[in-house]
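These notes are about the structure you will find just below.
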Amino acid sequence: MTDESPRTGAAANAAGDAYPGASEPLLRIEGVAKTFGTFRAVDGVSLDIKAGEFFALLGPSGCGKTTLLRMLAGFEAPDEGRILLGGKDIAQALPHERPINMMFQNYALFPHLSVRDNIAFGLKRAGMSRADIVPRVAEMVALVKLEGLEKRKPDQLSGGQRQRVALARALARRPQLLLLDEPLAALDKKLRENTQVELMELQRRLGMTFIVVTHDQEEAMTMASRIGVMKSGKLAQVASPRELYEAPRSRWIAEFVGDINLFDAESKLRDGHRLVVGTRDAGTLVVAEPRQPLGDVKFSVAIRPEKIKLSRRGPASEAGRETAINALDGVIADICYLGGTTTYKVKLDAGGIVEASVANSARLDVDAYSLNQHVVAWFTPDDCVVLPS
Ligand SMILES: Nc1ncnc2c1ncn2[C@@H]1O[C@H](COP(=O)(O)OP(=O)(O)O)[C@@H](O)[C@H]1O
Ligand SMILES: [Mg+2]
């Protein structure tokens, strides 16, 4: 095991690399907590971030995202726990001594300074010489495509341009770790989507580690390779976007990350690798057995709207008839045209409502189904997720 030898790590450190070995995380957060008065804003968070990761912290407003970032950046001291960077505890390091930079939610640009001076600010404070600052600022201006705007003040810029100045300022000192607090929240939808892609390209090109905070699940899924979902100061689940969406760990996460149909289970019966579940609102459902045994806890069956197919008489093909198994009769109760997809609400004969999302794959299609029309909503046991409730 030569690659794990202490000498390899020491050599890497001697070369100025604070990242000691491939197996060790760049950042380790260990049981970190922060209380304001009697309110625990961050409540025992543990998390490892690898070098080069694009990590998203996702959670509703007030769940402690900004507080956690501020502790990483050194603007707030944890009441409990440790923060290790490259294996070293950084508790005593002041914000400007940490190889970490933070881009603030409201950008916090200096209104009286030009674009150029805003970007140069941290470099000057760090004592960099003018001869080094000038080319570094030019490099940052080019990186975020602000050429020609160097002399403008923040109030002479659009929202998107201000966002770029804040990004350039945060990147200027070439931090090992960049923390971005809701970096795109102030931009309109189209600009936000373009900027998401630009941020991903930038992060890859610079080979840096990003932690981005957002309350927008689509944004987190688009950009990050891993997502940590926060709820009331705690990490509820850390997973890849796909795992989070397809295998959420709780009902709350399933509902927070995208739309989902949920049916409370009233009874269950094992049938080989499947469970036959009795529900009040959707009748009997056949679902794949969950990986973790359920025991006697209350649970619900969850199905994403795009997994549900609609047809007039049930699964169309022979194969569909064999695999679908779950086929629920109902009538169309509501139609919502969204451009790329149409969402149909189906009032089931069993009493509940199920939402099905259907792709509009041909331009001149009229709605495939009309109000009050009888339909069959069908899906397979594998389309269902069993969630403790
Ligand atoms: N300096 C502070 N003093 C008192 N309460 C605070 C302070 N900072 C944050 N909080 C509270 O802690 C909770 C978490 O805040 P924050 O980390 O900003 O959440 P988020 O960024 O997820 O919206 C909120 O209820 C907020 O009001
Ligand atoms: Mg916040």
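The values are calculated or read from the model by the stated rules, or taken from the named source; none is laboratory data. Predicted, not measured: the structure shown is a model, and the values here were computed from it. Every residue, glycine among them, receives a Cβ derived from its backbone with ideal geometry; neighbour counts consider all protein chains shown.
Which pairs turn up if I take residues in the range 57-72 that are free of Cβ contacts under 8 Å to residues at least 40 places away in the same chain and basic (Lys, Arg) and look for partners that are within 8 Å of ligand 2 (Cβ to nearest atom) and assigned to a strand (DSSP E or B) with beta carbon separation below 9 Å, at least 6 apart in sequence or on another chain?
Pairs found: 70/181.
May I ask you to list the residues in the range 172-222 that are more than 16 Å from ligand 2 (Cβ to nearest atom) and assigned to a strand (DSSP E or B)?
Pass one, the range 172-222, residues more than 16 Å from ligand 2 (Cβ to nearest atom): 172-178, 187-210, 218, 221-222.
If the condition is that a residue be more than 16 Å from ligand 2 (Cβ to nearest atom) and assigned to a strand (DSSP E or B), then 177, 178, 209, 210 are the ones that fit.
Could we say that residue 140 is among the aliphatic types (A, V, I, L, M), within 16 Å of ligand 1 (Cβ to nearest atom) and in a helix (DSSP H, G or I) here?
On the way: among the aliphatic types (A, V, I, L, M): yes; within 16 Å of ligand 1 (Cβ to nearest atom): no; in a helix (DSSP H, G or I): yes.
Considered against the rule, which asks whether it is among the aliphatic types (A, V, I, L, M), within 16 Å of ligand 1 (Cβ to nearest atom) and in a helix (DSSP H, G or I), residue 140 comes out as no.
Considering only the range 25-83, state which residues are within 13 Å of ligand 2 (Cβ to nearest atom) and of a type in the set (Ser, Thr, Tyr).
61, 66, 67 - these are the residues of the range 25-83 that are within 13 Å of ligand 2 (Cβ to nearest atom) and of a type in the set (Ser, Thr, Tyr).
Among the residues of the range 91-109, write down those that are surrounded by 19 or more Cβ atoms within 10 Å (Cβ to Cβ) and on the phi < 0 side of the Ramachandran plot. So that I can check it myself, show each step before the final result.
Taking the range 91-109 and keeping what is surrounded by 19 or more Cβ atoms within 10 Å (Cβ to Cβ), we get 100-104, 107, 109.
Residues satisfying the conditions are 100, 101, 102, 103, 104, 109.
Restricting the search to the range 280-314, which residues are over 22 Å from residue 257 (Cβ atoms) and hydroxyl-bearing (Ser, Thr, Tyr)?
Once the filter is applied, which keeps residues that are over 22 Å from residue 257 (Cβ atoms) and hydroxyl-bearing (Ser, Thr, Tyr), the range 280-314 yields 284, 311.
List the strands (runs of 3 or more DSSP E) that sit entirely inside the range 1-94 and contain at least 2 residues that are more than 21 Å from the chain's Cα centre (by Cα), in the same structural domain as residue 244 (by TED's automatic domain parsing) and modelled with pLDDT of 95 or more. Full working, then the answer.
Numbers: elements: 27-36, 39-49, 54-58, 80-85.
The strands (runs of 3 or more DSSP E) meeting that bar are 27-36, 39-49, 80-85.
Out of 106, 118, I need the residue that is among the polar types (S, T, N, Q) and within 16 Å of ligand 1 (Cβ to nearest atom). Which one?
Numbers: 118 fails: within 16 Å of ligand 1 (Cβ to nearest atom).
Just a single option satisfies the conditions, and that option is 106.
For the subset of the range 293-320 comprising residues that are modelled with pLDDT of 80 or more and of a type in the set (Ser, Thr, Tyr), which member is surrounded by the most Cβ atoms within 10 Å (Cβ to Cβ)?
300
Could you say whether any residue in the range 121-129 is touching a helix residue (DSSP H, G or I) at 6+ places or on another chain (Cβ under 6 Å) and among the aliphatic types (A, V, I, L, M)? Lay out the reasoning, then the answer.
Just the residues of the range 121-129 that are touching a helix residue (DSSP H, G or I) at 6+ places or on another chain (Cβ under 6 Å), to begin with: 123.
Within this subset, residues satisfying the condition of being among the aliphatic types (A, V, I, L, M) are 123.
Yes, that holds for at least one residue.
Of all residues being among the polar types (S, T, N, Q) and part of a strand (DSSP E or B) in the range 244-275, which is surrounded by the fewest Cβ atoms within 10 Å (Cβ to Cβ)? Just the residue, please.
Applying the first criterion (among the polar types (S, T, N, Q)) to the range 244-275 yields 250, 261, 267.
Adding the requirement that they be part of a strand (DSSP E or B) leaves 261, 267.
Working: 261: 24, 267: 9.
By that ranking, first place goes to 267.
List pairs: first in the range 298-312 and of a type outside the set (A, V, I, L, M, F, W, C), second part of a helix (DSSP H, G or I), Cβ under 6 Å, 6+ apart or cross-chain?
That search, which allows pairs on different chains as well, returns 307/383.
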